[in-house]
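Single-structure report; data block below.
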Amino acid sequence: MAWERHLRPERGGLFCADGGFFVDPTRPVDKAIITHGHSDHARAGHGTVYATPETLAVMAARYGANFAEVAHPLGYGETVDLGATRVSLHPAGHVLGSAQVRIEMAAGVAVVSGDYKRQEDPTCAPFELLACDLFVTEATFALPVFRHPDAAGEIAKLRQSLALFPDRPHLVGAYSLGKAQRVIALLRAGGHDRPIYLHGALEKLCTLYETLGVALGPLVPVKDAAKEELGGEVVMCPPSALSDLWSRRFGDPVTAFASGWMRVRARARQRGVELPLIVSDHGDWEDLCTTIVETGAREVWVTHGQEDALVHWCETNGIRAKPLRLVGYGEEDEAA
């Protein structure tokens, strides 16, 4: 099957010729399907945008109500006919509202997974396995060294540190969409019922999550707190804030960073992170390989990440595969 006649990488991203739309385009296009609200996948300026209601709400919060000419909500499992295709969105388990794009056409069924994870996450719908002929997968952590531990166990390390250092504020770096809310929800599930303090960059999206039905417990803007109040408390912030002037107001904090990249000790040392928390919103090596097999796909396209390693694994296991070499995707820019 020559899938390139139907779905192909172009300068603006992945284009479906049969449907006349792009998936997560990196430049403004007439018709876009957006898998989730991270800024490397969801950009403003498109004509018509199809996405889950939650992703559209995130885009409106980040870019303003007029982020697209037309915003068309699609609930999970709801279908829409675009050109010669039938399209539906299904949970990706990445962040709130994240979706895989199932594209049914004469050539078969293609699934563009966007970013996904298969670990449990109380803040979003769990990953849904979809059978398909062509599977387009991310490869952020597509090396055998990446085996993500249980996220609740990582958050237990944070709670243990709070008990061990009751006089030191704990600055926890976490991406503002998805990761921050997941860490807060895991803290709550572990019994942490004290107020959690927020850097200003996290306030809007935490409020949006609660508006969309995700309970996060008592949250307080850290700008309203005196330094002496913060001993033994959790202060959530974007990762970039851990190393800027803002962090110096806390005296002698414990610095933590919640990320799958904390598996790499050199990265933690480079950032000056005292308490690395291996909490990822992407699938690890085992999840990526398992998912590819379970989809039953006869062909796999690999994008944004360790593409060559995953392509090699597919070919070794008798699955046709190729790297897409798409640019502009990866961790979202928290400084933006």
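Rounded, prolate or oblate for region 104-152? Axes are the square roots of the Cα gyration tensor eigenvalues, ordered a ≥ b ≥ c, and the cut-off for rounded is a/c under 1.5. Taking the square roots of the gyration eigenvalues as a ≥ b ≥ c, region 104-152 is oblate.
Our analysis of region 67-108 gives Rg over Rh at 1.01, with the two radii drawn from alpha carbon positions and Rh computed by the Kirkwood formula.
Amide H contacts under 5 Å for Gln100: His90, Ala92, restricted to partners 5 or more places along the chain or on a different chain, H placed in the peptide plane at 1.01 Å from N.
Taking the 1.4 Å solvent-accessible surface of the chain as the whole, the part contributed by carbon and sulfur is 50%.
Work out, in µm²/s and without decimals, the Stokes-Einstein translational diffusion coefficient of region 219-282 at 37 °C, 0.692 mPa s, Rh from Kirkwood over C-alpha pairs. It diffuses with D of about 257 µm²/s by this estimate. Considering every alpha-carbon pair of region 128-230, the percent of pairs per 10 Å bin, from zero through the bin containing the longest distance, is 12, 37, 31, 15, 5, 1.
Each residue of region 125-132 was assigned a 3J(HN,Hα) from its phi angle through the Karplus curve 6.51 cos²θ - 1.76 cosθ + 1.60 (θ = phi - 60°); the sequence is 5, x, 3, 10, 6, 10, 6, 7 Hz, with glycine and proline shown as x. Shown here: region 178-336, whose C-alpha atoms stretch 60, 36, 28 Å along the first, second and third principal axes, sorted largest to smallest.
Principal-axis analysis of the Cα atoms of the chain puts helix 179-189 at an angle of about 60° to the longest axis. Relative to the dominant Cα principal axis of the chain, helix 200-211 is inclined by about 60°. When peptides 181-187, 120-126 are ranked by their average number of other Cβ atoms within 10 Å per residue, the highest-first order is 181-187, 120-126.
With coordinates expressed along the principal axes, the C-alpha atoms belonging to region 1-131 extend over 38, 33, 24 Å, beginning with the largest.
Shape descriptor for region 57-168: Rg over Rh equals 1.10 (Cα atoms; Rh from the Kirkwood inverse mean 1/r).
Normalised per residue, the accessible area of the chain is 40 Å², obtained with a 1.4 Å probe and no contribution from ligands, DNA or RNA. Starting at 0 and stepping by 20 Å, how many percent of the alpha carbon pairs of the chain end up in each bin? Bins of 20 Å from zero give 32, 55, 13, 0 percent of pairs. Sorting 271-281, 50-60 by average packing, meaning the other beta carbons within 10 Å per residue, from highest down gives 50-60, 271-281. A cut-off of 5 Å between modelled amide H atoms, ignoring neighbours fewer than 5 places along the same chain, links Glu299 with Phe135.
The values are calculated or read from the model by the stated rules, or taken from the named source; none is laboratory data. Remember, it's a predicted structure, so these values are computed and weren't measured experimentally. All Cβ positions, even for glycine, are placed from backbone atoms using ideal geometry, and neighbour counts span all protein chains on display. Note: areas computed on protein heavy atoms with side chains; ligands, DNA, RNA excluded. Shrake-Rupley method; radii C 1.70, N 1.55, O 1.52, S 1.80 Å.
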